[in-house]
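Comments concern the structure below.
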């Protein structure tokens, strides 16, 4: 109870502090004081250095203002550049009020430069002494992404480790995914009823990984469809998806030993227009009354329109998407829904191939890292703000640094 | 008067539905559709309107535009199609009014092919008649649509001219005075994307606002707004979510600039039908639960 | 061979693009890849357009069921294509902006396509109602919590929420329905969304690795 009181007190204290800080004037709201003259002020100090973590061709210039901005005739700072190899000088920028830094992106890595900054007061240029000579250069590695690389390597390493371990025969547990278990049942039902199945691989193009995930599941479904000799209808919104899906289904028919039953028109292009596509899919559902509908891929506002229409015709519906905003609609209107990562796990699950299953186990390591970091972060932040603990603040800052790319 | 008639008609019908569900009868989906249609129609016919107050997430966008110094550079991207337009176009129009009223410089563009035509409608219906003094190339310009989705942002974050050698009318960017000191999106003071699909606000945050360290605001269809909350308030200074967000912005605009009171403010008008539709949905959820408990009592399944 | 080459292209381009994220001077590779994809996608439009014409022309020629709708589709496709391509009626001629006020393309867009699109989108109002009616039932504890949250959000998104609870004093303003709705969106909803997003991101990493390593081949039709 006492601890809670302390936390509450800390929150009130921090809020008050933030409020006081927020109402303090900053340099950009200085009132312009006309009393000092430019001769009373000291020189402007200029620093120029190669811009960090870039591809070269950029120098950052920073300067301190001894008080010129407060003079009544102040019009801005002029950044003046001298190419010390050729001896040529030119002005590169007049910065607006309140700005004390400039990123010069018009330099060459082959030259050296020196910068001066002039305060423009009443039409006069009050020039600083030049900065040290500087040369821009490119960096081979973006240092801000070190932690991203480390974490990425750990997760990818874990995925590869579990793939290798699965290849060696280690048994891996995978929880049951009801939506995928239902695929055979849905296709079987369509066969019994003599009705087609409808497959929609989302409304995005092949550059969306969700579309690829949809097509990987299509491969398994198409094989069952070919074996059962059921009709499949797949309207698509993007031409590249059409060609890829045709290849997928064609190969499934060949694998099932029924290449003659395959027909290119099983997959047909409708329109790139989102709601034109929805109108066409709804029309197909109402006219052909498919016994099973599969919505697997990236969906947007059309998810509910399609799923509700499918529900109204009494079709078995299996949906899966990684669009969090559409998941509630699919859950409400479909019989089975693959939620987020389940969509990506589906092909591994369906194939049962150890190498693919291993990759799922690897991703679990990422989840474990995320959970531990969240837990540690919450505890460290709470303790740091409640008891001003230096060590906890250090942990908090470390975690911020790890997950920041700025 | 309109409210009373609507309440009697709809309320009476709903009570009848409740009675039927207590008696154990299920409600057909088509009856739900009739009620929603009738409610929205009555609210439109009787012009039901309710007052709106800006919530912090909307107010922060308004305050940002309000407090930027005159002449600030703002990008407004039309990332939506005609389907979404009734919901998000009012936001775009409200932004145009506010930005030009504050004498900022407005750069239009679109990542959706259909956005360009909708942008053209806004220019002809809002910008030109309401701001006749605004000069093309000085106060506003239209870059139009460019294919490539977020790939476009990947390029313009470092160089506008590489992706847009000319504006939508074929003028070279260098011939437009407002592009004199603009090299990339990083030179902007505020980026606003109005949309609801992909590419939309999220892609603008990931590919422009965040890497370019430029303030970013958004307007989104209600259905995709929850996806954007994780970015607020650090990567997104504020968000207008659906008709409600647009109506709040319009209300704030009228409060601050009463001269806009006579202008078309569709989001505020749409909140009447939306409110009534929500009430009907709530009523049907209650009816559905009554029917459910009734059927459970009987030992049946629904 | 037919499947080895695409897999090789995928592995090579994918690996290069992942590496380019960490090398400042290679970042433009991502832009270039996006541009190449767009160029290929534009050419693929001919495939899609061609398929559309072929499927519907066949329906018309065979007079199969509903062939008249195929005529409408073909006419719509042809008219929009011709008015857009040749900028018919465009006050600025062939060099003008395609969406120039007064051009036939813009007129068709504004007065035919826009209302049709909005109509389809508006169906959501009806479907949300019927889906909510079916889904929000207090079947168990979790469903009841979901039901209560839905109530608060629905009320909070309308002026009715303000009207019902604006009598609550300012010090307890968090209990006003609109504020409760914002809290639900910002706290529990946000936490859930983030958890799902983390799961999705890890799923994407795992799937991408399978693709890059050539383990995942079912999108190419096969043999997994």
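The values are calculated or read from the model by the stated rules, or taken from the named source; none is laboratory data. A quick note: this is a predicted structure, and the numbers were derived from the prediction, not measured. Quick reminder, even Gly has a Cβ in these numbers, built from the backbone with ideal geometry, and neighbours come from all protein chains shown.
Filter region A:334-364 down to the residues that are at pLDDT 90 or above and either more than 28 Å from residue A:161 (Cα to Cα) or not assigned by TED's automatic domain parsing to the domain that holds residue A:217 (or both) and list them by number.
A:334, A:335, A:336, A:337, listed by residue number.
Would you please list the contacts, defined by Cβ atoms under 7 Å and residues six or more apart or on different chains, that run from a residue in region C:10-33 that is more than 8 Å from chain A (Cβ to nearest Cβ) to a residue that is in a loop (DSSP other than H, G, I, E, B) and crowded, with 16+ Cβ neighbours inside 10 Å?
Filtered contacts from region C:10-33: C:20/C:27.
Which is in the same structural domain as residue B:69 (by TED's automatic domain parsing) and touching a helix residue (DSSP H, G or I) at 6+ places or on another chain (Cβ under 6 Å), of B:215, B:168, B:251, B:246?
Residue meeting the stated conditions: B:246.
If I ask for residues that are assigned to a helix (DSSP H, G or I) and either touching a strand residue (DSSP E or B) at 6+ places or on another chain (Cβ under 8 Å) or more than 9 Å from chain C (Cβ to nearest Cβ) (or both), which ones from region A:254-275 would you list?
Once the filter is applied, which keeps residues that are assigned to a helix (DSSP H, G or I) and either touching a strand residue (DSSP E or B) at 6+ places or on another chain (Cβ under 8 Å) or more than 9 Å from chain C (Cβ to nearest Cβ) (or both), region A:254-275 yields A:259, A:260, A:261, A:266.
The rows are residues; the columns are (1) facing chain A (nearest Cβ under 9 Å); (2) closer than 30 Å to residue B:155 by Cβ.
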site	(1), (2)
C:55	yes, no
C:70	no, no
C:77	yes, no
C:81	no, yes
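Is there a residue in region B:91-106 that is without any contact (Cβ under 8 Å) to a residue 40 or more places away in the chain, buried (at least 24 other Cβ atoms within 10 Å of the Cβ), part of a loop (DSSP other than H, G, I, E, B) and out of contact with any strand residue (DSSP E or B) (no Cβ under 8 Å at 6 or more places or on another chain)?
Within region B:91-106, not a single residue is without any contact (Cβ under 8 Å) to a residue 40 or more places away in the chain, buried (at least 24 other Cβ atoms within 10 Å of the Cβ), part of a loop (DSSP other than H, G, I, E, B) and out of contact with any strand residue (DSSP E or B) (no Cβ under 8 Å at 6 or more places or on another chain).
Name the single residue, out of those in region A:301-332 being within 7 Å of chain C (Cβ to nearest Cβ) and modelled with pLDDT of 90 or more, that is surrounded by the most Cβ atoms within 10 Å (Cβ to Cβ).
Ranking the candidates gives A:322 first.
Residues to consider are B:61, B:75, B:32, B:40; find the one that is in a helix (DSSP H, G or I), touching a strand residue (DSSP E or B) at 6+ places or on another chain (Cβ under 6 Å) and in contact (Cβ under 8 Å) with a residue 60 or more places away in the chain.
B:61
What residue, of B:197, B:245, B:218, is touching a strand residue (DSSP E or B) at 6+ places or on another chain (Cβ under 9 Å), in a loop (DSSP other than H, G, I, E, B), within 23 Å of residue B:93 (Cβ to Cβ) and touching a residue at least 12 places away in the same chain (Cβ under 8 Å)?
Only one candidate passes the filter, namely B:197.
Of these, B:76, B:18, which one is within 14 Å of chain C (Cβ to nearest Cβ) and touching a helix residue (DSSP H, G or I) at 6+ places or on another chain (Cβ under 8 Å)?
The conditions single out B:18.
Filtering region C:191-204 down to residues that are within 7 Å of chain A (Cβ to nearest Cβ) and surrounded by fewer than 20 Cβ atoms within 10 Å (Cβ to Cβ), which residue is modelled with the lowest pLDDT?
C:193
Go through the residues of region B:24-37 one by one and say whether even a single one is more than 12 Å from chain C (Cβ to nearest Cβ) and at pLDDT below 85.
yes
Among A:183, A:177, A:163, which is the only one that is within 13 Å of chain C (Cβ to nearest Cβ), at pLDDT below 90 and touching a strand residue (DSSP E or B) at 6+ places or on another chain (Cβ under 8 Å)?
Among A:183, A:177, A:163, only A:177 is within 13 Å of chain C (Cβ to nearest Cβ), at pLDDT below 90 and touching a strand residue (DSSP E or B) at 6+ places or on another chain (Cβ under 8 Å).
Taking only region A:368-406 into account, find how many residues are within 25 Å of residue A:144 (Cβ to Cβ), touching a helix residue (DSSP H, G or I) at 6+ places or on another chain (Cβ under 6 Å) and modelled with pLDDT of 90 or more.
The number of residues fulfilling the criteria is 10.
Only one of these conditions is not met by residue C:95: (1) farther than 30 Å from residue B:145 by Cβ; (2) surrounded by fewer than 14 Cβ atoms within 10 Å (Cβ to Cβ); (3) at the interface with another protein chain (Cβ under 7 Å from one of its Cβ atoms). Which number is it?
Of (1) farther than 30 Å from residue B:145 by Cβ; (2) surrounded by fewer than 14 Cβ atoms within 10 Å (Cβ to Cβ); (3) at the interface with another protein chain (Cβ under 7 Å from one of its Cβ atoms), only one is false for residue C:95: (1).
Of (1) more than 18 Å from residue B:219 (Cα to Cα); (2) in a loop (DSSP other than H, G, I, E, B), residue B:82 satisfies all except one. Which?
The one condition residue B:82 does not meet is (1).
Within region A:96-133, which residues are within 14 Å of chain B (Cβ to nearest Cβ), in a strand (DSSP E or B) and surrounded by fewer than 18 Cβ atoms within 10 Å (Cβ to Cβ)?
If the condition is that a residue be within 14 Å of chain B (Cβ to nearest Cβ), in a strand (DSSP E or B) and surrounded by fewer than 18 Cβ atoms within 10 Å (Cβ to Cβ), then A:101, A:103 are the ones that fit.
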